[in-house]
Number of protein chains: 2
Amino acid sequence: MPQIQLDVIDTVVIQTLTKCRVSVKNAKIISDSILFAHRTGKGTHGISRLPIYVKKINNGSLNPTTEFSVVKDRKVVAVLDAENGFGQLAAHKAVEMAIEKAKEFGVGIVGVRNSNNFGTAAYFLNQAAQENFISTIYSNSAPALAPWGGSKAVFGTTPIGYGFPVGEGKAPILLDMATSFAARGKIRLAAKNNEKIPLGWALDQNGNPTEDPNEALKGTLVPIGEHKGAGLSMIVDLFAGLLTGAGFAGDVLNLNTNGEYSRNGHFVMVLNIDFFMSPEEYQLKIEYLISKIKEQQTTNTIKYPGESAFENSKTNSEYVQISDKVVSEINQLLTQLELNISM
Amino acid sequence: MPQIQLDVIDTVVIQTLTKCRVSVKNAKIISDSILFAHRTGKGTHGISRLPIYVKKINNGSLNPTTEFSVVKDRKVVAVLDAENGFGQLAAHKAVEMAIEKAKEFGVGIVGVRNSNNFGTAAYFLNQAAQENFISTIYSNSAPALAPWGGSKAVFGTTPIGYGFPVGEGKAPILLDMATSFAARGKIRLAAKNNEKIPLGWALDQNGNPTEDPNEALKGTLVPIGEHKGAGLSMIVDLFAGLLTGAGFAGDVLNLNTNGEYSRNGHFVMVLNIDFFMSPEEYQLKIEYLISKIKEQQTTNTIKYPGESAFENSKTNSEYVQISDKVVSEINQLLTQLELNISM
């Protein structure tokens, strides 16, 4: 696989987005989140999505120039309207605002409506952790899971994210998880390779377990812990969708839906550690917790959520691997936009 | 199984607890939470625990007379010290305080340290929902799950709970879930009956999957979604344990540990719907969401989290079934306490 310099990815993303009327400031935030995805090992949430963004801007379903409007702002709780702009910008702004609120009140809550898929939740959890704040981020997404016992997808796999700072130069605890047992991407891959999928990944259109990836793609994903994961998906939809004024209950559209607004919602809560204990006490306790995770286990490789991603990002400090297919798609896009650069 | 009048359970619990120096006011709250557990179908969290409470009070590890102290109270965020009293009273108080904060600020957060197992989380979610507030409740618990990839239990099955009001006379949405795939009680039952347990429920002491319930009881429970559920358990321990000043990272003890404080922690967040939208808009949206869950599914029996429990509580409006074994244990306790009543 081609190794691509991070600088090159950064330039490509920023030039592409600014060509599509995104401001330089905003393009830098989006690019930073894409670089974060690649560096931490989540390339699926990276530059491969750039052609989708450009297509959506061109067909009018992604607003490149919004600066957001504040729907409500009542001290501790606010709601933003992302005006169908980039989810990355909306989530970044929401975390920023929630941090300001948490500085004053100990907690800040910012809901976002009319947004789009924001890429990897870990980026925004990390944003808060870098400033030494604890965060919870829920985002709803297009239907993929049925209510437990049902056969029709209503709720998304909806990232649920939690972030806790661990200290200067150390990997923050970042749990960024979907509510489905397996990602839809793995099922698509199995279909492409004519392979069976394990029972327990997906249900067919009638709600029955299936090993056939093609039936699975027409059906629904199995939530983690069965009714528990299905319940979590619904709860995230309530916080991030219903409560913020975004689409909900099956009305959020996929990122690559043509010509319609996706109407994703996000729910961000930031907590200020100082309202609970001193920084010194927190630091000692976090270190104690991590030592307890690692001690007396049968292997030495036990890592806490976020630790591997952090190590990846150290390794991938200059370049990352991008597939030939994605490189070629991006180069096509650059030519189409008459940008005189390539990957 | 004997059918026992709810009035009788109420009298037995209140008389037992007041005999053990719990105030009448507090005994009524604890009894109400026990009745709620039985009526909603969670009898495992009910009167069978009364002998444990009495034993703990007698051996000095459960404080029957605490009124709690407020460790910190900074407008939106507070921390309570339960002083090793009943978890039910601490959680009830925390929800009450968080509601008052949410009335003024849109959100209220109350952490609790030095508490005990509070029974069923749904009771406290319901407490908030009855007053038309949204709630999130995390509680940590004694070690039962290993960090993912490990073999030693560090984190609990830690109830995670979310509650949303649905409207007058209707079942609130109450998701009250453990982070393990199967409850330890089911494994104990299999051991008693010399039955195998399904693979996927538990790991042995070396971290390997096991079908032997006795090996499972010495090992750890499998978290929902593998690393995801293990991560959720850790996050709950961070919010409810580390952040509140309670025990954490494996230091919380089981309810039936003899003579030592359990040091559970709870984390309660209450949201005020009015800070997001009008009651009318919320009501319409909740009804829309529920209609979307129920429509076009293959069966007609799809219920949202909390709905079956609510229907159970309607059915069980006068009496519930309690096993012979529990009835006899309670009657023994009543004799021992020289209370002139029986079940």
Looking only at segment A:254-275, and only at residues there that are aromatic (F, W, Y) and within 11 Å of chain B (Cβ to nearest Cβ), the one that is farthest from the chain's Cα centre (by Cα): A:F275
Can you tell me how many residues within segment A:283-292 are buried (at least 16 other Cβ atoms within 10 Å of the Cβ), touching a residue at least 12 places away in the same chain (Cβ under 8 Å) and not hydrophobic (A, V, I, L, M, F, W, C)? 1
Inside segment A:299-309, the number of residues satisfying the requirement of being assigned to a helix (DSSP H, G or I) and buried (at least 20 other Cβ atoms within 10 Å of the Cβ) is 1
Where residues in segment B:247-264 are open to solvent by less than 10 Å² (accessible area, probe 1.4 Å) and touching an Asp or Glu at 6+ places or on another chain (Cβ under 9 Å), which of them is nearest to A:L289 (Cα to Cα)? B:A249
List the residue pairs whose Cβ atoms are under 9 Å apart, where the first residue sits in segment A:151-163 and is under 14 Å from A:N117 (Cα atoms), the second is at pLDDT 95 or above and among the basic types (K, R), and the two are 6 or more positions apart or on different chains. A:I160/B:K228
Looking at segment A:138-179, which of its residues are β-branched (V, I, T) and more than 28 Å from A:G219 (Cβ to Cβ)? A:V166, A:I173
Search segment B:293-314 for residues that are within 17 Å of A:K228 (Cα to Cα) and within 7 Å of another protein chain (Cβ to nearest Cβ) and pair each with any residue that is at pLDDT 90 or above and open to solvent by 60 Å² or more (accessible area, probe 1.4 Å) when their beta-carbon atoms are under 7 Å apart and the residues are at least 6 apart or on different chains. B:I302/B:K294
If you check B:A90, B:A98, B:A94, which single one turns out to be part of a helix (DSSP H, G or I), out of contact with any helix residue (DSSP H, G or I) (no Cβ under 9 Å at 6 or more places or on another chain) and open to solvent by less than 10 Å² (accessible area, probe 1.4 Å)? B:A90
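Results for (1) at pLDDT below 95; (2) touching a helix residue (DSSP H, G or I) at 6+ places or on another chain (Cβ under 7 Å); (3) open to solvent by less than 20 Å² (accessible area, probe 1.4 Å), shown as yes or no for each residue.
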position: A:I134; (1), (2), (3): no, yes, yes
position: A:W148; (1), (2), (3): yes, yes, no
position: A:Y162; (1), (2), (3): no, yes, yes
position: A:D176; (1), (2), (3): no, yes, no
position: A:A183; (1), (2), (3): yes, no, no
position: A:A190; (1), (2), (3): yes, yes, yes
position: A:N206; (1), (2), (3): yes, no, no
position: A:A216; (1), (2), (3): yes, yes, yes
Test each condition in (1) assigned to a loop (DSSP other than H, G, I, E, B); (2) open to solvent by less than 10 Å² (accessible area, probe 1.4 Å) for A:A142 and report the one that comes out false. (2)
Identify, please: which residue in segment A:130-152 is within 11 Å of another protein chain (Cβ to nearest Cβ) and of a type in the set (A, V, I, L, M) and is, among those, farthest from A:D204 (Cα to Cα)? A:I134
So, of the residues in segment B:179-194 that are out of contact with any strand residue (DSSP E or B) (no Cβ under 8 Å at 6 or more places or on another chain) and within 20 Å of B:G161 (Cβ to Cβ), which turns out to be nearest to the other protein chains (Cβ to nearest Cβ)? B:A183
Test result for A:A121, surrounded by fewer than 24 Cβ atoms within 10 Å (Cβ to Cβ), small (G, A, S) and closer than 26 Å to A:H38 by Cα: no
Looking at segment A:32-46, which of its residues are assigned to a helix (DSSP H, G or I), within 12 Å of A:Y123 (Cα to Cα) and within 12 Å of the chain's Cα centre (by Cα)? A:S33, A:I34, A:F36, A:A37, A:H45
Collect the residues in segment A:1-16 that are open to solvent by less than 30 Å² (accessible area, probe 1.4 Å) and in contact with a Leu (Cβ under 8 Å, 6 or more places away or on another chain), keeping them in residue-number order. A:L6, A:I9, A:V12, A:V13, A:T16
Every residue from segment B:223-253 that is touching a helix residue (DSSP H, G or I) at 6+ places or on another chain (Cβ under 8 Å) and more than 10 Å from chain A (Cβ to nearest Cβ): B:A246, B:G247, B:V252
Looking only at segment B:70-84, which residues are part of a loop (DSSP other than H, G, I, E, B) and surrounded by fewer than 24 Cβ atoms within 10 Å (Cβ to Cβ)? B:K75, B:E83, B:N84
When the residues of segment B:47-81 are filtered to those that are closer than 30 Å to B:T315 by Cα and not β-branched (V, I, T), which remaining residue is nearest to the chain's Cα centre (by Cα)? B:R49
State whether the residues of segment A:108-118 include one that is more than 14 Å from chain B (Cβ to nearest Cβ), polar (S, T, N, Q) and in a loop (DSSP other than H, G, I, E, B). yes
Test B:E280 against the stated conditions and say whether it is within 12 Å of chain A (Cβ to nearest Cβ) and either open to solvent by less than 50 Å² (accessible area, probe 1.4 Å) or free of Cβ contacts under 8 Å to residues at least 60 places away in the same chain (or both). no
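Can you tell me which residue among A:K228, A:K218 is within 23 Å of B:A178 (Cβ to Cβ) and either out of contact with any strand residue (DSSP E or B) (no Cβ under 7 Å at 6 or more places or on another chain) or without any contact (Cβ under 8 Å) to a residue 24 or more places away in the chain (or both)?
A:K228
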Just to check your reading of the model, which residue among A:N340, A:N312, A:N331 is open to solvent by 30 Å² or more (accessible area, probe 1.4 Å) and part of a loop (DSSP other than H, G, I, E, B)? A:N340
Of the residues that sit in segment A:47-69 and are part of a loop (DSSP other than H, G, I, E, B) and open to solvent by 60 Å² or more (accessible area, probe 1.4 Å), which one is farthest from B:N272 (Cα to Cα)? A:T65
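The values are calculated or read from the model by the stated rules, or taken from the named source; none is laboratory data. Predicted, not measured: the structure shown is a model, and the values here were computed from it. Heads up, the Cβs are rebuilt from the backbone with ideal geometry, glycines too, and the neighbour counts pull from every protein chain shown. SASA here: full protein model, heavy atoms, side chains in, ligands and nucleic acids out. Shrake-Rupley method; radii C 1.70, N 1.55, O 1.52, S 1.80 Å.
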